[in-house]
1. Order these by the 10 Å Cβ neighbour count, fewest first: A:V77, B:V28.
2. Using the Karplus curve 6.51 cos²θ - 1.76 cosθ + 1.60 with θ = phi - 60°, work out ³J(HN,Hα) for each residue of the stretch B:85-101 in order, rounded to whole Hz, and write x for Gly and Pro.
3. Return the loop-located trypsin sites (Lys or Arg not before Pro) in the stretch B:49-99 (DSSP other than H, G, I, E, B) with at most 14 other Cβ atoms within 10 Å of their own Cβ; answer none if there are none.
4. Calculate the FRET efficiency for B:E24 and A:A116 from the Cβ-Cβ distance with a Förster distance of 25 Å, rounded to the nearest 0.05.
5. Helix A:2-17 versus the longest principal axis of chain A: what is the Cα-based angle in degrees, 0 to 90, to the nearest 10?
6. Distance between the C-alpha centers of the stretch A:137-161 and the stretch B:23-101? Whole Å please.
7. Using helices alone, I'd like the mean residue ellipticity at 222 nm for chain A: each DSSP H run of four-plus residues gives -39500 (n - 2.57), total over residue count, nearest 500.
8. Can you classify the stretch B:8-115 as rounded, prolate or oblate using the Cα gyration tensor, where a ≥ b ≥ c are the square roots of its eigenvalues, rounded means a/c under 1.5, and otherwise it's prolate if a/b beats b/c and oblate if not?
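FYI, it's all coordinate maths here, none of it is from the lab. It should be emphasised that the depicted structure is a prediction, and the values quoted were computed from it without experimental measurement. Quick reminder, even Gly has a Cβ in these numbers, built from the backbone with ideal geometry, and neighbours come from all protein chains shown.
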Amino acid sequence: MKNLSLVLLLLPMCYLAQKKPDVVANIEAKMAILKPIGNNSLAQDLKTFYGFSLGGNLMTPVNFGVGADFSMLYSNVQYGKRNTYGNVGSPRLSMVNVFLTHRENISEEFLIEELAGLSYTEQKNFFVDGNQLLKNSGFGLLLGGKAIYILDPEAYQAVFVEARFQTFRTNIYNENSEIQKYYDRSYFLTLNLGYRFNF
Amino acid sequence: MLVLFLVLMSCDADSRNNPRIYMEGKIVSQSIDYKFYMLKVYNENRVVAETLLENGGTFKLSGPVSNSVTTLSSPEKIKTFSADKSGLSISSDSLSIIIPAEITFVKFNEIVLKK
């Protein structure tokens with residue numbers, strides 16, 4: 001908590017006080033694999049999600065930064081689980097994440113970044129008889145880490161591997177609390193492979 | 001950001017925006033083949049869940065519903081049923097069980113078919 005308030009104090013100071021462009025920005029494109037875990041519908045009734053993600057970060061000279069990204073992920077219902085998932089089309093997750101990052105320079109071309117933040121997830125399915133959309137959305141927490149390898153001497157380009165853990169809680173209602181728990185929450189493990197461009 | 005976070009976390013705690021029905025039970029019949037017997041759950045003229053019966057005639061069904069009446073539809077006529085909730089009824093053509101909107105969880109002890 002102390003660290004967080006320190007970050008909150010430092011971030012605006014870094015942006016406002018320093019006119020020199022010591023704040024660096026980057027954009028990223030990622031391939032994503034997402035596996036829901038636990039005893040819940042997303043984990044038990046669905047296959048692994050695959051998709052892509054686009055994002056960006058701002059990094060200050062004190063190695064704290066902010067970032068955001070947007071992901072689209074696609075999956076299918078497991079064979080034999082259609083009765084408990086419901087008669088709806090293949091699920092899609094749209095996700096917006098915002099987070100604080102901290103960077104550690106290991107060597108000239110190798111860095112580690114940790115991140116913590118918030119995620120907003122929408123789980124969407126089309127009903128099979130038409131084009132009406134079923135939408136469940138909710139907020140969650142996000143924790144992650146990135147291992148970044150810089151490709152060129154000017155440090156413009158980099159590739160990275162990223163692992164994330166996040167929670168998802170939505171607003172599905174059932175009068176039986178066990179059933180509601182099964183359908184209204186999940187936990188996601190994500191593996192991202194990405195390319196980063198610094199400028 | 002911390003305040004924003006707390007607001008966001010608290011706002012979806014007790015919403016009933018997306019009700020989902022869950023039912024399980026057992027079909028009892030003298031003559032039907034359970035493997036080819038399909039039960040369907042209707043809500044607002046839409047099939048929200050369907051399944052073939054497991055061995056012994058048991059089934060589990062769940063699907064997204066709106067705040068309106070749900071029906072469990074059977075290909076053969078239903079003679080009687082018993083469930084853990086009251087308020088359910090057999091439709092006039094005997095081909096389905098009508099479940100009121102406020103019920104989202106039902107356990108059928110048995111559903112006895114005429115055939």
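1. On the way: A:V77 19, B:V28 16.
Exposure proxy ranking, most exposed first: B:V28, A:V77.
2. Couplings: 10, 9, x, 7, 9, 8, 5, 5, 8, 6, 9, 8, 10, 8, 10, x, 4 Hz.
3. On the way: sites: B:K60, B:K77, B:K79, B:K85; in loops: B:K77, B:K85.
Passing sites in the stretch B:49-99 are B:K77.
4. Working: r = 40 Å, r/R0 = 1.61.
Approximately 0.05, to the nearest 0.05.
5. Computed tilt is about 60 degrees.
6. One Cα centre to the other: 50 Å.
7. Details: 4 runs with 33 residues, N = 199.
For chain A, the value works out to -4500 deg cm²/dmol.
8. Numbers: a/c = 2.23, a/b = 1.93, b/c = 1.16.
Judged from the Cα gyration tensor, the stretch B:8-115 comes out prolate (a/c at least 1.5, a/b above b/c).
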